[in-house]
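Peer 1: Could you have a look at this structure, given as structure tokens, before my questions?
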Amino acid sequence: MSDSTRMVLHAFAALADLGEEIAETSDFEEMVRSALHVVLGTMGIRRGAVAEFDRGTGVLRFVASRGFGDTHPAEVNLPRKSREGANGNGNGDGSAPYAHALQDYALVEHEIHERFHEAGVEVVTPLVVRGELVGVILLGGKASGVAFTQEDRELARALGRHVGVGLHNHRLLREVERRAEENQKLYETMKGSYKDTVRAFAAAIDCKDKYTQGHSERVGKYSEIIAREMGWGDEEVEAIAIGGYLHDVGKLVVDRDIINAPYRIDAKQSSELNRHPAAGYEILRPIQHPFADIPLMARYHHERPDGRGYPEGLKDEEIPPGAKIVSLADSFDAMTTDRPYRRRRTFDEVVADFRRNSGKQFSPQVVVALCRALLKEARGETRPRQMMRLLGRDYVPEHTLPALEQLIADLESGAHLTTAQASGPA
Amino acid sequence: MSEPLAEPTTAQAVVDVAVVYAGDYVNKMSGQRIERECLTRMERGCRALVINFQDTELVNSIGVSILLGVIDAAEQSGTRLAFSNVSVHTLKLFELLGLTRLVVLADSEEAALATLEEFSATPPGH
Ligand SMILES: [Fe+2]
């Protein structure tokens, strides 16, 4: 085998090694170190370095270096002159990328050569990808003592193209990561301000109804707990909490006197009040919510599985799951807070109401989820005890727990249907 | 990748010589192992080193670069370095790439040790 054949084979193998290193090494600096090894080992060079070029700042940053010790700086600022030269348009406005390759990169090459000549650098190979300078490879003399040939320079360029692509891809990846991070932050900020707006809305709704202070917020909380108990994902749970906050937003268009009437309202007033789900839907519909079903939760939170709800009298399976949850959370809060014309119910009464109305006013699966969550909190199995905090520590007494457990068992087996049907419509 | 350091023979220990075995394929992984072993020996004061290539069939570009780094480190620490048992094919490559100009070459480990012992008897600067 002739010497030149041997060298060509070595160089071919090196190209394969280089491709492998660039493709398979996930750590950027490790990848560049290996690439430098390949270049040096292909030509038998003892000193060399790879630097990446930051187009924005004009700084060359050394990523890998061998054989120079501490004799070169970590970064080199490329003077404006050669940057403009490399820019090709010479107007220095940075508008065009580093185009017009050959003669302009010769400027960069020359500049670096001047600076590093004393350190023993003999060849400078600019790394250019799609007309853009992404870095340089600096090479010291060959260990053989033989001067660089034209073939050596070509080989350095050929290897350099791969290294350049490696640098370029890494740069793109960093850019994508940076943008993704920025977008995430932006999204979090927007979500934050959306939530603040929602809370402000909820506060406005509750302000209008002086007897139900904090009602919207509690319905949001209960809805969230029920949904989580039903195995909903984080996003959906977040959505239903917002649905809960906003379910009564339509009350903003209902006459304040009707909402605040300290007595039972008449039929006319009632139909006025019953406009609020549809009005809420109209208010929420034009808003771009991060979650899809929120307007529907407002619209259907007074629907009932038995079809006797309003505004549309939908039947069980026609009611969106979110609306069923908000509906129960709404009723549960109404039962468990004092109103101007009545005191709140005892927990025994609430359990009895759930039993009587499951399958009629409430979806049994949703009732089961709420009961399970209550049972877990009452037994101290979940921390923090969010519902107990809202209801008061002693609201669910120990002696009511067997009835709660029985209700869960009956609802799950469908046994409540016979009892409920036997007792007839309430 | 945590092969123990090659134990020096009695003779090696007397004159502070160490032998490192290169393995069958000198690439990035095995090259780094060789480099680590050599640097550790130098740090411990060893001033004569033999890298034995008896099993080596192939040295790739990264392997060559790492060996050049070992040569650099040896020069800097004043350590005499010998390559022994290099196959014809690898020897040719080392010649073309200039490595053979920088190290003592020996046909066998014993010959390499003998050359380095000679050297160690008259350390530089004495
Ligand atoms: Fe409502």
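The values are calculated or read from the model by the stated rules, or taken from the named source; none is laboratory data. Worth saying up front: this structure is predicted, and the values here are computed from it rather than measured. With ideal geometry, Cβ positions are generated from the backbone for all residues, glycine too; neighbour counts draw on all protein chains shown. What goes into the accessible areas is simple: the full protein's heavy atoms, side chains included, and nothing from ligands, DNA or RNA. Shrake-Rupley method; radii C 1.70, N 1.55, O 1.52, S 1.80 Å.
Peer 1: Using a ≥ b ≥ c from the Cα gyration tensor of chain A (square roots of the eigenvalues), is it rounded, prolate or oblate, where a/c under 1.5 gives rounded and otherwise the larger of a/b and b/c decides, a/b for prolate?
Peer 2: Values: a/c = 4.27, a/b = 3.03, b/c = 1.41.
It comes out prolate by the Cα gyration axes.
Peer 1: So who's got an amide H within less than 5 Å of the one on residue A:59, skipping anything under 5 residues away but keeping other chains? H placed 1.01 Å off N, in plane.
Peer 2: Amide H neighbours of residue A:59: A:54, A:78.
Peer 1: With the Cα gyration tensor of the range B:8-112 giving a ≥ b ≥ c as the square roots of its eigenvalues, does the rule (a/c under 1.5 for rounded; else a/b larger than b/c for prolate; else oblate) give rounded, prolate or oblate?
Peer 2: Working: a/c = 1.57, a/b = 1.36, b/c = 1.15.
Prolate, because a/c is 1.5 or more and a/b exceeds b/c.
Peer 1: On to the next question. Keeping every protein chain present and rolling a 1.4 Å probe, give me the accessible area per residue for chain A in Å². Walk me through the numbers before you get to the answer.
Peer 2: Working: 21020 Å² over 426 residues.
Solvent-accessible surface per residue comes out at 49 Å².
Peer 1: Here's another thing I want to ask about it. Give the aspartates and glutamates reachable from residue B:28 as a straight Cα distance under 16 Å; neighbours fewer than 8 places away on the same chain don't count.
Peer 2: A:17, A:20, A:21, A:24, A:27, A:29, A:30, B:3, B:37, B:57
Peer 1: Same structure again: Using helices alone, what [θ] at 222 nm do you get for chain A, with -39,500 (n - 2.57) per DSSP H run of 4 or more residues, divided over all residues and rounded to the nearest 500?
Peer 2: Values: 17 runs with 244 residues, N = 426.
After summing the helix terms and dividing by the residues of chain A, the value is -18500 deg cm²/dmol.
Peer 1: Please work out the C-alpha center-to-center distance from the range A:276-294 to the range A:184-200 and express it in whole Å.
Peer 2: The range A:276-294 and the range A:184-200 have Cα centres separated by 17 Å.
Peer 1: With +1 on the Cβ of every Lys and Arg and -1 on the Cβ of every Asp and Glu, and nothing else charged, how large is the dipole of the range A:110-259 about its Cα centre, in debye rounded to the nearest 20?
Peer 2: Details: 21 positive and 26 negative charges, 19 e Å.
Once rounded to the nearest 20, the dipole reads 80 debye.
Peer 1: Testing the spin-label approximation: label points 7 Å from Cα along Cα→Cβ at residue B:91 and residue A:12. State their distance in nm.
Peer 2: Result: 2.5 nm between the two label points.
Peer 1: Related question: On a 22 Å Cα-Cα criterion, which of the cross-link pairs A:221/A:251; A:208/A:360; A:142/B:92; A:208/A:268; A:195/A:360 come out too long?
Peer 2: Numbers: A:221/A:251 20 Å; A:208/A:360 30 Å; A:142/B:92 16 Å; A:208/A:268 20 Å; A:195/A:360 33 Å.
From A:221/A:251; A:208/A:360; A:142/B:92; A:208/A:268; A:195/A:360, over 22 Å: A:208/A:360; A:195/A:360.
Peer 1: Within chain A, what percent of beta bridges assigned by DSSP are antiparallel, to the nearest 5? Each step should come with its number before you reach the end.
Peer 2: Details: 25 of 26 bridges.
Roughly 95 percent of the DSSP beta bridges within chain A come out antiparallel.
Peer 1: Moving on. Got a sec to turn the phi values of the range B:63-78 into Karplus ³J(HN,Hα) couplings, 6.51 cos²θ - 1.76 cosθ + 1.60 with θ = phi - 60°, whole Hz, x for Gly and Pro?
Peer 2: Rounded to whole hertz, the list is x, 4, 4, 5, 5, 4, x, 5, 4, 4, 4, 5, 4, 5, 8, x.
Peer 1: Something else about it: In degrees from 0 to 90, rounded to the nearest 10, what is the angle of the helix A:28-43 Cα long axis to the longest principal axis of chain A?
Peer 2: Once rounded, the angle reads 20 degrees.
Peer 1: Angle check, please: helix A:234-246 long axis (alpha carbons) against the longest principal axis of chain A (alpha carbons), in degrees 0 to 90, nearest 10.
Peer 2: Tilt of helix A:234-246: around 50 degrees.
Peer 1: Check the straight Cα-Cα distances from residue A:376 and name the aspartates and glutamates below 19 Å, setting aside those fewer than 8 residues away within the same chain.
Peer 2: Candidates past the 8-residue exclusion: A:224, A:229, A:333, A:348, A:394, A:398, A:405, A:410, A:412.
Peer 1: What is the helix-to-structure angle for A:321-336, meaning the angle in degrees between its Cα long axis and the longest Cα principal axis of chain A, kept from 0 to 90 and rounded to the nearest 10?
Peer 2: For helix A:321-336, the angle is close to 50 degrees.
Peer 1: Which value, in square angstrom to the nearest 100, describes the accessible area buried between chains B and A on both sides, using a 1.4 angstrom probe?
Peer 2: Heavy-atom accessible area buried at this interface is about 2000 Å².
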